[in-house]
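The values are calculated or read from the model by the stated rules, or taken from the named source; none is laboratory data. In this text the structure is predicted, and so the values were computed from the model without any measurement. In this analysis, Cβ positions are derived from the backbone assuming ideal geometry, glycine residues included, and neighbour counts consider all displayed protein chains.
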Amino acid sequence: MSSEKNLRSVTRRQALAAAGLAGAGLAASGALGGPGLAGRQSVGLAGPEIADAATCIITPELSEGPLFVDENLNRSDVRESRDGVRLTLTINVFSADANCDPFSGATVDVWQCDAQGIYSDVPEDNAVGQPISTLGQTFLRGNQVSDSNGRVTFTTIFPGWYPIRAIHLHLKVRVIDGGSTVYDFNTQIYFEQSDIDDVLSSPAYQRSEPMTVTNDNDRFFDPAMILPLQGSVEGGLNGTIDVGLAGMPEEVVPIDSSVSAAVKKVRFSRLKGGRRTAVITLKSNEWTSADARIQRGGKLLSRMRNTKKGKGTRQIKLPVS
C-alpha cells in the first residue's frame with residue numbers, strides 16, 4: 001500500500017455539511033492549532049475556548065509597489081544572513097465574509113529592503129532609484145501558506161529606508177486555485193517612530209545621510225497598519241498583525257481522508273436555568289483536533305476547539321442559548 005496520504009479538497013461549507021449535525025458543524029483533522037481568536041472584536045466570551053458572534057476589522061489595501069517578484073520561495077526565515085535587528089512577524093488571516101473565521105490555505109508573501117535600503121532581485125536604477133543591481137539574489141523575500149488558524153510566521157529583519165519612502169514592509173495575500181490566482185490583496189506594514197529611532201541607532205543601519213521621509217509625509221502611510229512591537233533591539237523584536245479581508249473566495253480545506261475519526265452522536269440537553277447545551281460525541285483512533293461550531297441564520301453563536309492525544313471517545317459541549 002502506498003504511504004502517501006489520500007488527500008482531497010472540499011470547501012469549508014461542504015466539510016460542515018458532511019458532519020451531519022443539526023445546526024452544529026464539526027471538522028476533524030490530524031492538525032493541531034490554538035484558539036485563533038485574534039483579529040476579532042468579540043461580542044462576548046462564554047468561556048476560554050467559546051466565542052460568540054464576532055466581526056472583523058477590514059485591513060486597508062495599499063499599493064503592491066513596483067518591486068514584487070514572485071520567487072515562489074516557501075520559507076519562514078527570509079534573512080539569508082542579512083544584517084539587521086531580528087524581527088519575528090506573525091500574520092493572522094481572517095475572512096470577513098465567513099464569521100471572521102481564520103482562512104487556511106492562503107499564500108502570504110512578504111518582501112522588503114535590507115538595513116541599507118536595498119531590495120533583492122531588482123536591477124540598478126529601478127523604480128525606487130536603487131543604486132546597485134541585485135538580480136538573481138533573493139534575500140528578504142518569501143512566502144508561506146496559512147495554517148488552520150490562518151497563521152504564518154516569518155523571521156526577517158527590521159527594514160531600513162530608501163529616499164522616497166518611510167520604513168515599511170510589503171505584504172501580499174493570495175488564494176491560488178489549480179495554479180490560478182483567484183484572490184490577490186496587497187498592503188504595507190509600518191512602524192512607530194520610537195521603534196524606528198531605536199533600530200536606526202544600531203550599527204547595521206548607519207548611513208551617511210539622514211532619513212528624509214517619515215510616516216508623516218509618506219504618500220501611502222495608513223496609521224491602521226502600524227505594527228505594535230515587543231522585545232528589544234538587542235534581543236530581537238516581534239509583532240503580530242491581524243489581516244481581515246472581504247470578498248475572499250470560499251475556503252478550500254485539504255482533508256486527510258486517512259484520519260480515523262467520526263461523529264458518533266449529537267444530543268441537546270437543558271441545564272438549570274433553561275440554558276441548552278449541544279453535546280457532540282466524537283470517536284477517534286489517533287491524535288485529532290476538532291472544531292465545533294453552532295450557527296443560527298449565518299450567525300456564529302458558539303465555538304469550541306478540542307484536541308485529543310491517542311484513540312478514544314470524547315465529548316464536546318457547546319452552549320446553545
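Considering (1) without any contact (Cβ under 8 Å) to a residue 24 or more places away in the chain; (2) farther than 30 Å from F94 by Cβ, say which one Y205 fails and leave the rest.
Among (1) without any contact (Cβ under 8 Å) to a residue 24 or more places away in the chain; (2) farther than 30 Å from F94 by Cβ, Y205 violates only (1).
Where residues in the stretch 287-321 are aliphatic (A, V, I, L, M) and over 22 Å from the mean Cα position of the chain (by Cα), which of them is modelled with the highest pLDDT?
I316
Can you pull out every residue in the stretch 93-138 that is under 27 Å from P210 (Cα atoms), in contact with a Lys or Arg (Cβ under 8 Å, 6 or more places away or on another chain) and at pLDDT below 90?
Across the stretch 93-138, the qualifying residue is only V128.
Which residues, counting only those in the stretch 212-228, are loosely packed, with under 10 Cβ neighbours inside 10 Å and either modelled with pLDDT under 95 or not polar (S, T, N, Q) (or both)?
D216, R219, P223
Might you check whether a residue that is in contact (Cβ under 8 Å) with a residue 24 or more places away in the chain, over 18 Å from A246 (Cα atoms) and either surrounded by fewer than 20 Cβ atoms within 10 Å (Cβ to Cβ) or touching a helix residue (DSSP H, G or I) at 6+ places or on another chain (Cβ under 7 Å) (or both) occurs anywhere in the stretch 109-117?
yes
Which of the residues spanning the stretch 61-81 are closer than 23 Å to A204 by Cα and assigned to a strand (DSSP E or B)?
D77
Would you point out the residue of the stretch 82-112, among those that are of a type in the set (G, A, S) and outside any strand (DSSP E or B), that is farthest from V182 (Cα to Cα)?
Ranking the qualifying residues of the stretch 82-112, first place goes to G84.
Output yes when any residue across the stretch 152-164 is of a type in the set (F, W, Y), in contact with a strand residue (DSSP E or B) (Cβ under 7 Å, 6 or more places away or on another chain) and either closer than 18 Å to L245 by Cα or crowded, with 21+ Cβ neighbours inside 10 Å (or both), and no when none is.
For the stretch 152-164, residues of a type in the set (F, W, Y), in contact with a strand residue (DSSP E or B) (Cβ under 7 Å, 6 or more places away or on another chain) and either closer than 18 Å to L245 by Cα or crowded, with 21+ Cβ neighbours inside 10 Å (or both): present.
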